[in-house]
Amino acid sequence: MASRRKRDQDDDAKPAKLNKSTLRKFFRLFRYLRPYRSAFSIGMVLLLLNSMLGMVFPGLMGRLVDATKGDVPTDTEALFDLGNIDSVALLLLGVFALQAVLGFGRIYLFAYVTEHMLARLRQDTYEHVVKLPMHFFATRRVGELNSRISADVALLQDTFTTTLAELVRQVVIVIVGLVLLTRLSPQLTLTMLASVPVVTVVAVLFGRYIRTLSKEVQDRIADTNVVVDETLQGIQSVKAYANEAWEALRYGRSVQAARDLAMKGARWRGAFVSFIILCLFGAIVLVIWRGVHLKEEGVISTGELVTFILYSVFIGASIGSIPEYVTQVLKAVGATERLMDLHDEVAEPIDLGPKGAPLPIRGSITFEHVDFHYASRADMPVLRGVDLQVEPGQRIALVGPSGAGKSTLAALVLRFHDPVHGRVLIDGRPVANYPLTALRDRMAIVPQEVLLFGGTIRENIAYGKPGASDAEVQDAARKAFAHDFIIGFPEGYGTVVGERGVQLSGGQRQRIAIARAVLKDPAILILDEATSALDSESERLVQEALEHLMKGRTSLVIAHRLSTIRDADRIVVLDKGTVVENGTHEALMALPEGLYRSLSRLQSEGITG
Ligand SMILES: Nc1ncnc2c1ncn2[C@@H]1O[C@H](COP(=O)(O)OP(=O)(O)O)[C@@H](O)[C@H]1O
Ligand SMILES: [Mg+2]
């Protein structure tokens, strides 16, 4: 598992293959750049100046070597006397000071642009993702979406703050460097070009291969850890099946694979060091040797030779680093592509603006010949020709075997999905004609497993009505029979719950969810097996709280335990996606071959009550 996850992430960071659509997506990023384009342009100018000024250094160093103390007649037009040690040293200092200012400016500006642009991008991506329809989330892993927003944006962050600037800088160094070198000595430049870049590029590729190998070794080691994890966690099964030898063999194979790969890596690392010593230093020696010859022949001065060697080192280093930066940029292009694909997913028409007055909904629900299947499994009908009429304020129970389509039916009321055929109407108006956010705002659902958000109990209840006062929250908690246990905690309503907080029992969580729903005051209430996971003691309390909650609203109660829905206005029995029975408890019990009757019988035999 662990290594699996790791490899997935590595795949994520793969550089993009450039094609038209990829590039188009990448350029969409510049929409986010636009508001900051002046800062970006100034940053770019500073960067170019910065890079070019950096090229003055080797030249001045050469002058420093050649310079003499005192007044040697030189270029009279020059602002500075480049033959004088003191002047050259001063000039060098001046260059460095200017470099310092330029460097600070460009780093600050690029960071400013990037941070603002990516904060916006993050926010937009998040807002888009939360607006995506439920079927989108059915097919994506949360981890994957999370890494879109965090890892992919972080990759862009690196690229825009550092990589892009470095890439530009290195390219400037190579171009300007080569021009200056050629002016200094074309012969020596040719010698240099024939050796240094070639060796550098080979060294870079070499290095990259070694890195790939060591990453593979890490993966293999992670694989061995998986074996250890699995067997130790399932040690009881290992022993019960007397499979110690088999597991040892499995682990051994895994360890050997890691070892062999590590040795392969070691051989290549050794070869790499030998290569560097022989070729890279060889190339440098070659250039120096040729340069000294040229100096002896009087073609160049000692200072010029120094300049030349420094430029060569600069150019070599730049050429060596360019492939890495290009890879980084391509990775960023890939990350952008994935982000933009996410942005291209069609969102629900959700309104993120402030909530208006509640929709005046009375709460009748109508299903007209509804057919439905999930997009991910088009061949499996989930609802077939469902007709249903619920009057405002009625309590309707939905029962049926698991997988019958009860939760799906409720999801259609919430408009999590749209019917494939037929219509769902609320107050006689198709759900599609309501503003989605306002419509859902008039509904509440209490599911079987309530997830509390990390935060206080007060915040979790107020989730039903953001901005609710303490009095409203407490009132809701009282109605949900939650007040007493809440004030039993030392911190009361300020008790932190959720993953990092106090662990509440199932019944307590359920009552908090009910308080949340009370606060929301919905016209339509959906209870999806709200008490199924509870023991009978907490079920009693929760059931009582639910009775209060259901008063005066249209309620769709999906129940596992049939004893809880006996007095519903109507019981709808769903089987394999179709409504097979529909009536009061008494009417359904009177059907001799009825599904409700037989389910009811089964339960009263199994469970007392
Ligand atoms: N998100 C989904 N994607 C694909 N199939 C689903 C999805 N949710 C439920 N199903 C399938 O739809 C059928 C009905 O499920 P559901 O409405 O949850 O039944 P119930 O609530 O009655 O147990 C089941 O066969 C289930 O496997
Ligand atoms: Mg269900």
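The values are calculated or read from the model by the stated rules, or taken from the named source; none is laboratory data. Fair warning: this is a prediction, and the values are worked out from it, not measured in the lab. For neighbour counting, all protein chains shown are included, and Cβ atoms are generated from backbone atoms with ideal geometry for every residue, glycine included.
Within the stretch 395-408, the set of residues being assigned to a loop (DSSP other than H, G, I, E, B) and crowded, with 18+ Cβ neighbours inside 10 Å comprises 400, 404, 405.
Exactly one residue among 447, 401 is within 13 Å of ligand 2 (Cβ to nearest atom) and either under 20 Å from residue 510 (Cα atoms) or among the acidic types (Asp, Glu) (or both), and that residue is 447. Taken over the stretch 551-569, the residue count meeting the criterion of being closer than 20 Å to residue 411 by Cβ and out of contact with any Lys or Arg (no Cβ under 6 Å at 6 or more places or on another chain) is 7. Where helices (runs of 4 or more DSSP H) sit wholly within the stretch 211-308, those with at least 1 residues that are loosely packed, with under 15 Cβ neighbours inside 10 Å and polar (S, T, N, Q) occupy 235-240, 244-275.
Scanning the stretch 123-143 for residues that are more than 16 Å from ligand 1 (Cβ to nearest atom) and not small (Gly, Ala, Ser) gives 123, 124, 125, 126, 127, 128, 129, 130, 131. Of everything listed in (1) away from ligand 1 (no atom under 16 Å from the Cβ); (2) crowded, with 16+ Cβ neighbours inside 10 Å; (3) over 28 Å from residue 362 (Cβ atoms), the single unmet condition for residue 491 is (2). When restricted to residues that are out of contact with any helix residue (DSSP H, G or I) (no Cβ under 9 Å at 6 or more places or on another chain) and over 28 Å from residue 380 (Cα atoms), the stretch 571-599 contains 4. Within the stretch 321-351, how many residues are buried (at least 20 other Cβ atoms within 10 Å of the Cβ) and either in contact with a strand residue (DSSP E or B) (Cβ under 6 Å, 6 or more places away or on another chain) or small (Gly, Ala, Ser) (or both)? Total satisfying the criteria: 3.
Which of the residues that make up the stretch 179-210 are of a type in the set (Gly, Ala, Ser) and in a helix (DSSP H, G or I)?
194, 195, 203, 207
The set of residues in the stretch 373-385 being surrounded by 15 or more Cβ atoms within 10 Å (Cβ to Cβ), touching a residue at least 60 places away in the same chain (Cβ under 8 Å) and not hydroxyl-bearing (Ser, Thr, Tyr) consists of 381, 382, 383, 384, 385. Selection over the stretch 379-398 of residues that are within 16 Å of ligand 2 (Cβ to nearest atom) and in contact with a strand residue (DSSP E or B) (Cβ under 8 Å, 6 or more places away or on another chain) gives a count of 6. Name the residues in the stretch 348-379 that are under 30 Å from residue 576 (Cα atoms) and in a loop (DSSP other than H, G, I, E, B), would you? Listed by number, the residues that qualify are 348, 363, 364, 373, 374, 378, 379.
Just to check your reading of the model, which residue among 532, 555, 536 is touching a residue at least 60 places away in the same chain (Cβ under 8 Å) and within 15 Å of ligand 1 (Cβ to nearest atom)?
Details: 555 fails: within 15 Å of ligand 1 (Cβ to nearest atom); 536 fails: within 15 Å of ligand 1 (Cβ to nearest atom).
Just one listed residue meets the conditions, 532.
The residues listed here are 378, 397, 438; of these, the one that is assigned by TED's automatic domain parsing to the domain that holds residue 552 and away from ligand 1 (no atom under 16 Å from the Cβ) is 438.
Does the stretch 383-390 contain at least one residue that is among the charged types (D, E, K, R), at pLDDT 95 or above and more than 16 Å from ligand 1 (Cβ to nearest atom)? Don't jump to the end; show me each part of the working.
Within the stretch 383-390, the first condition is being among the charged types (D, E, K, R), and the residues that meet it are 384, 387.
Still in the running and at pLDDT 95 or above: 384, 387.
Next cut, more than 16 Å from ligand 1 (Cβ to nearest atom) only: 387.
Taking every residue of the stretch 383-390 in turn, at least one turns out to be among the charged types (D, E, K, R), at pLDDT 95 or above and more than 16 Å from ligand 1 (Cβ to nearest atom).
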